[in-house]
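Single-structure report; data block below.
The values are calculated or read from the model by the stated rules, or taken from the named source; none is laboratory data. This one's a predicted model, so the numbers in the text were calculated from it and none came from an experiment. Cβ placement follows ideal geometry from the backbone for every residue including glycine, while neighbour counts extend to all protein chains displayed. Only protein heavy atoms, including side chains, enter the accessible area calculation; ligands, DNA and RNA are left aside. Shrake-Rupley method; radii C 1.70, N 1.55, O 1.52, S 1.80 Å.
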Amino acid sequence: MLQAAAAGPARGGQGAEEAGEPVGGGEERPARHSPAPALRLLNRKPQGGSGQIKTPENDLQLGRLSRGPRAAPPASGMGDRGRQPERSAPHAPGAPADAGAGAVNGLLHNGFHPPRLCSRGPASGGDTAPPRLPLLPELQPQPPPPLHDSPAKKCRLRRRMDSGKKNRPPFPWFGMDIGGTLVKLVYFEPKDITAEEEQEEVENLKSIRKYLTSNTAYGKTGIRDVHLELKNLTMCGRKGNLHFIRFPSCAMHRFIQMGSEKNFSSLHTTLCATGGGAFKFEEDFRMIADLQLHKLDELDCLIQGLLYVDSVGFNGKPECYYFENPTNPELCQKKPYCLDNPYPMLLVNMGSGVSILAVYSKDNYKRVTGTSFGNMMSKEKRESISKEDLARATLVTITNNIGSIARMCALNENIDRVVFVGNFLRINMVSMKLLAYAMDFWSKGQLKALFLEHEGYFGAVGALLELFKMTDEQ
């Protein structure tokens, strides 16, 4: 029942109001509904009459307005908890002065609002409505809270928001493939670093980033393959460049020592690595640089890295290519090849050793066979034989052997697409053209030898992708 009490505090510490002031000492709480535009009407004397405007508000204040027994519906958005207890209605004009204000509060909280005031002109009934009055000071709109002024606070807030969207590993981002002859390292250099981030970036991280990106050679044997750099790449929500670095495996101890000197363990405790060297140098990383190696399957990383790099492309160009007219030296030329639907394919990974994989899907593959032709990478072996002629003869022999094995595997697996990768092919046009020739000649044009620009780095890229997966799982 819609009634209002003449005495007693309102529910929740809201007392009756008189002249806009809270009563009862309780803390004033805002109403659940925005109040009507004019809770307090100034008495005006119209021309003639009793000196008062006859309005529902004045009737309420004088106690002349009462409601029948019908209960008013609860306020919008309020459940049972929001209903006010029943209160007795004000009586005759002899009621206390604050009873009328209490009645107004009670009616407003029970869903009753005075008629909306409008200054556009006569109402539909022909009467002119009073003008709109200003809100009470405590009901005036409040200014928004002040923003963070400190750049450091802004940076920390943005980082918290970023981490809420996606978990990211801490910088720097590396992936390593530690082979028997070469170590392949990929490094993601963020290019979207804000001024706040750079200000908060620790000196160790700045030093590593500057060292890797400011040099194309590291010591006597380390090389950054600038021509292979992937630019404006988005990885794990950050935009930057992906760098490709290599150095001999025999220099691994110097690399580990450098990591110790640059206090790399203060930034990372775990590195993602694949290849046989991940097992060979695991103890050295732990004892010298205080770093753990997260060892990954070599073939998994190879396939995942290959598919990823091919999907992003080589700075707007295709990653994959072949040689047109390989049997004609005068007409032989390099052509791009679309590898969007690569399955099934025979993947021949040529490093110190050779692994041949039959790949039927991203997660379905098997190692068919492989070889070990790595003796020519040994200095002692090279010194025991003659020079240029024997070197070329050895190269041709090895290449023909690999091509012959790859062709037999392709026929056995009923696959007509063969992809050759690995650092054996780096700056080795002789072997690539010889492989293309052999595959085309012996298959009578049915088999095509395919090559990839980042031939030896796919295992390292796969290790970097695993770093992101580890962070998401955590």
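Once phi is turned into ³J(HN,Hα) by the Karplus curve 6.51 cos²θ - 1.76 cosθ + 1.60 with θ = phi - 60°, what whole-Hz value does each residue of segment 267-283 show in order, with x for glycine and proline?
For segment 267-283, the Karplus-derived couplings read 9, 10, 10, 9, 10, 8, 9, 9, x, x, x, 5, 7, 5, 9, 4, 5 Hz, x marking Gly and Pro.
Here are some pairs, LYS210/LYS317; LYS210/LYS448; LYS220/LYS280; LYS206/LYS469; which of them have Cα atoms lying more than 32 Å apart in this structure?
In this structure, LYS210/LYS448 lie more than 32 Å apart at Cα.
Using a 1.4 Å probe over the heavy atoms of the protein chains, calculate the carbon and sulfur portion of the accessible area of segment 255-408 as a whole percent.
Here it works out to 49 percent.
Quick check: Cα centre of segment 280-352 to Cα centre of segment 426-474, how many Å?
Each part reduced to its Cα centre gives a spacing of 4 Å.
For segment 442-459, take each phi angle, set θ = phi - 60°, evaluate the Karplus expression 6.51 cos²θ - 1.76 cosθ + 1.60, and give the result in whole Hz per residue in order, putting x for glycine and proline.
Per residue, the Karplus-derived 3J(HN,Hα) values read 6, 9, 6, x, 7, 10, 10, 8, 10, 10, 10, 5, 8, 3, x, 9, 5, x Hz.
First select every other residue whose beta carbon is under 12 angstrom from the beta carbon of LEU346; then total the charges, Lys and Arg +1, Asp and Glu -1.
Neighbourhood net charge equals +3.
In Å, what is the Rg of the alpha-carbon atoms in segment 394-474, and how long is Dmax?
15.9, 52
What does the charge count near ALA273 come to, summing +1 for each Lys or Arg and -1 for each Asp or Glu among other residues with Cβ under 14 Å from its Cβ?
Around ALA273, the charge tally is -4.
Regarding segment 185-331, what's the average projected area of the Cα-atom convex hull, expressed in nm²?
The number I arrive at for segment 185-331 is 11.7 nm².
Rolling a 1.4 angstrom probe over the protein heavy atoms, how many square angstrom per residue are accessible across segment 201-324?
Here the residues of segment 201-324 average 48 Å² of exposed surface.
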